[in-house]
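Read the structure below first, then the notes.
The values are calculated or read from the model by the stated rules, or taken from the named source; none is laboratory data. In this text, all values refer to a predicted model and were calculated from it rather than measured experimentally. FYI the Cβ positions are ideal-geometry reconstructions off the backbone, even for glycines, and counts take in every protein chain you see.
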Amino acid sequence: MISPLAYIHPEAKIGKNVEIAPFVFIDKNVTIDDDNKIMSNVNILYGTRMGKGNTIFPGAVIGAIPQDLKFRGEETTAEIGNYNIIRENVTINRGTAAKGRTIVGNNNLLMEGVHVAHDALIGNKCIIGNSTKMAGEIIIDDCSIISASVLMHQFCHVGGYGMIQGGCRFSKDIPPYIIAGRDPITYSGINIVGLRRHGFSNETIENIHNAYRIIYQSGLNTTDALEEIETKIPKSKEIDYIVNFIRNSERGIIK
């Protein structure tokens, strides 16, 4: 299962049933759990921690030092969860002193050419399109779809179960359950198809829609809109998620 043409540092820890193709480089201080498939010309560098069942396509680089001039060689990690598909030429940098680790959760698809910068946090079941670039310390919540060639400013937060259209760039937070698109980026409705695919009831979808009507169409400022939602929309975990996401947003949300 391990090609004699691969280089594996003697201190690297490799689990069971791991397939390692020719010309793979695995550095010291790397841990790779069971059942991973690592294709040719992949570099897995110092500080990488990889869970089970991932497939890493040719040319990917995981665990390279951050592209951050403040980095001073501190001990940090790049942590990959379980059952991710990481396609060709994806780069995932390890953390800095800011948070200490970059995290990609479970069951994600990172398409060709995606860049995940230092201290980023990607949740579970996300799809990240070709050539999308994520700056440092961004957060992407579970079940997000980010289309191709999207540019994310540092510190941005993307809510779960939404979709960002291809070619967008943004420097503010994107609330959950919505479609964001156009140039400049703006709220483009809720992600009805995605919510139905994830099993949200019609009643829940309608409540989410009503909440965003208040936020984006009522003319109220953000504080008053959130109070209106808490007063008029039936309480649920989905509505709490929307309200808390926006209330806690440090960069503000897209318009």
Return yes or no: is G123 modelled with pLDDT of 95 or more and under 13 Å from the mean Cα position of the chain (by Cα)?
yes
For segment 188-229, the count of residues that are without any contact (Cβ under 8 Å) to a residue 24 or more places away in the chain, in a loop (DSSP other than H, G, I, E, B) and not aliphatic (A, V, I, L, M) equals 5
Item to complete: Say whether the condition of being assigned to a helix (DSSP H, G or I) and buried (at least 18 other Cβ atoms within 10 Å of the Cβ) is met by at least one residue in segment 174-182.
Response: no
Within segment 68-89, residues being β-branched (V, I, T) and farther than 19 Å from T132 by Cα number 2
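Residues are listed down the side, and each one gets a yes or a no for (1) touching a helix residue (DSSP H, G or I) at 6+ places or on another chain (Cβ under 6 Å); (2) more than 23 Å from N244 (Cα to Cα); (3) outside the structural domain of Y46 (by TED's automatic domain parsing):
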{"residue": "R87", "(1), (2), (3)": "no, yes, no"}
{"residue": "A98", "(1), (2), (3)": "no, yes, no"}
{"residue": "V114", "(1), (2), (3)": "no, yes, no"}
{"residue": "N124", "(1), (2), (3)": "no, no, no"}
{"residue": "K133", "(1), (2), (3)": "no, yes, no"}
{"residue": "V150", "(1), (2), (3)": "no, yes, yes"}
A careful count of residues in segment 230-255 that are within 28 Å of the chain's Cα centre (by Cα) and part of a helix (DSSP H, G or I) gives 11
If you go through I164, I128, I179, the only one that is among the β-branched types (V, I, T) and assigned by TED's automatic domain parsing to the domain that holds R49 is I128
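Looking at segment 152-172 only, could you name the residues that are in a strand (DSSP E or B) and touching a helix residue (DSSP H, G or I) at 6+ places or on another chain (Cβ under 8 Å)? If you could, list the steps in order and put the result at the bottom.
Let us first name the residues in segment 152-172 that are in a strand (DSSP E or B), namely 152, 157-158, 163-164, 169-170.
Across segment 152-172, the qualifying residues are H157, M163.
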For segment 131-180, the count of residues that are on the phi > 0 side of the Ramachandran plot and small (G, A, S) equals 3
For this session: Test I229 against the criterion of being buried (at least 19 other Cβ atoms within 10 Å of the Cβ) and of a type in the set (V, I, T), and give yes or no.
Result: yes
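Given the structure, is K125 among the basic types (K, R) and touching a Cys at 6+ places or on another chain (Cβ under 9 Å)?
So K125 fits the description; yes.
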**Q.** I179 being under 23 Å from M134 (Cα atoms), in contact with a Phe, Trp or Tyr (Cβ under 6 Å, 6 or more places away or on another chain) and either free of Cβ contacts under 8 Å to residues at least 12 places away in the same chain or of a type in the set (A, V, I, L, M) (or both)
**A.** no
